[in-house]
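The values are calculated or read from the model by the stated rules, or taken from the named source; none is laboratory data. What you are looking at is a predicted structure, and each value in this text was computed from that prediction instead of being measured. Cβ atoms come from the backbone with ideal geometry, glycine included; neighbour counts cover every protein chain shown. Accessible surface is based on the protein model in full, side chains and every heavy atom, while ligands, DNA and RNA are left aside. Shrake-Rupley method; radii C 1.70, N 1.55, O 1.52, S 1.80 Å.
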Amino acid sequence: MWPFRQPTGTLHPRRLAPTLEGAAVRDSTAQQFASDNYAGICPEAWAAMAEANVGHAPAYGADPWTQRATDGFRTLFETDCEVFFVFNGTAANSLALAALCQSYHSVICAESAHVETDECGAPEFFSNGSKLLVAPVSEGKLTPDGVRGIAGKRSDIHFPKPRAVTITQSTETGRVYSVQEVAALSETCRSLGLNLHMDGARFANACAALEASPAELTWKAGVDVLCFGGTKNGMGMGEAVIFFDRRRAEDFDYRCKQSGQLASKMRYLAAPWVGMLESGAWLAHARHANACARRLADAVAGIPGVELAAPVEANGVFLHLHETVQAALRERGWHFYGFIGGAARFMFAWDADPVRVDALARDIRDCVLPTAA
């Protein structure tokens, strides 16, 4: 169903790659909204890396930058959490879930969850076999009833025993779990003896959307482990795995080492977090990205033939556009993915330029109206 290939590299299995042919190749450096991974490194993270690049420092996390970053997370989350740094989100999610499960356990997730659709079996691989059990979801959100339905399906020894639940904040379709929704899921998990993991690749955007503190949205609502994404928040790489119950982090440093995620020059993973946390940039950039998503949604509202595929709650806009409109936009040089359900997905990063957002909105209007006439 997805035989497409990007011009270089590999293709996200849920998305149709942006087309770079013909008239689309006008300015290879022009800002695009296909993914918030397209953006460069924000000034705060870059400056902190430059400061960390002076002189020598102890290796493997024994440097002052790693200490400052971990202390910064403890301040941000208002608790004495255990923090680990890894290179990317797949490793963060997979290792965190492996820490919560044995090989004969299972993890309940939404059918559209990133761990299910986009991590190449890594959660099962790093847990030596813990099975992902997918629940059908409405609007991309896992519900307490969905969790109970999967967890109560079977209890015999022939079935992988449920041990954890994972949710994505914000979701793959740009929705945000409220504090109350997280708490309800946590209560369900507690009643069933399950751990609650949060894939927070865009956790900052969720905090900005809800105007909730990181503590309120995680451990105070019952989350056991959070994978806090830095890459989509303005860093070049680096995710933080945060255990709110230190007992669950036992030997996690060994997991990181065994999986090739222990950085010898750890300060280069940790220092950008120092810049982001101490300046407040993590939240400021997320607010800006969210605002640009709303700007596009407002600008195209009411255009015939343009419909939102999902409410705009974080930094993503999903639009139902006719195939001819999508082709016309690509001809004008715009890159975007055909995402879940066939919608055109536009993601906004920390550096999204409102002028460029407005240009996209104008081109959408110009491409649609001839079709609608």
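Data overview
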| quantity | calculated |
| --- | --- |
| Residue within segment 277-290 that is more than 24 Å from the chain's Cα centre (by Cα), assigned to a helix (DSSP H, G or I) and of a type in the set (K, R) present | no |
| Among the candidates S186, S170, residue that is of a type in the set (G, A, S) and either out of contact with any Lys or Arg (no Cβ under 6 Å at 6 or more places or on another chain) or in a helix (DSSP H, G or I) (or both) | S186 |
| Some residue of segment 308-318 being in a loop (DSSP other than H, G, I, E, B), open to solvent by 50 Å² or more (accessible area, probe 1.4 Å) and farther than 30 Å from L226 by Cα | no |
| Unique match (being within 17 Å of A113 (Cα to Cα) and either among the hydroxyl-bearing types (S, T, Y) or open to solvent by 30 Å² or more (accessible area, probe 1.4 Å) (or both)) among T168, T188, T231 | T168 |
| Test result for L262, touching a residue at least 60 places away in the same chain (Cβ under 8 Å), more than 18 Å from the chain's Cα centre (by Cα) and surrounded by 21 or more Cβ atoms within 10 Å (Cβ to Cβ) | no |
| Residues located in segment 99-111, provided they are in contact with a helix residue (DSSP H, G or I) (Cβ under 6 Å, 6 or more places away or on another chain) and surrounded by fewer than 24 Cβ atoms within 10 Å (Cβ to Cβ) | A99 |
| Scope segment 137-164; condition modelled with pLDDT of 90 or more and more than 21 Å from Q102 (Cα to Cα); matching residues | K141, L142, T143, P144, D145, G146, G149 |
| Number of the exception - K257 against (1) open to solvent by 60 Å² or more (accessible area, probe 1.4 Å); (2) among the charged types (D, E, K, R); (3) in contact (Cβ under 8 Å) with a residue 60 or more places away in the chain | (3) |
| Hey, R175 assigned to a loop (DSSP other than H, G, I, E, B) and modelled with pLDDT of 90 or more or not | yes |
| Condition check for R330: of a type outside the set (D, E), farther than 28 Å from M235 by Cβ, in contact (Cβ under 8 Å) with a residue 60 or more places away in the chain and not in a strand (DSSP E or B) | yes |
| Considering residues of segment 56-95 that are polar (S, T, N, Q) and under 18 Å from the mean Cα position of the chain (by Cα) only, the residue surrounded by the most Cβ atoms within 10 Å (Cβ to Cβ) | N93 |
| Filter result for the condition that a residue is without any contact (Cβ under 8 Å) to a residue 12 or more places away in the chain and either closer than 21 Å to E44 by Cα or crowded, with 24+ Cβ neighbours inside 10 Å (or both), over A291, A270, A359, A349 | A291 |
| Test result for S127, polar (S, T, N, Q), more than 20 Å from the chain's Cα centre (by Cα) and at pLDDT below 95 | yes |
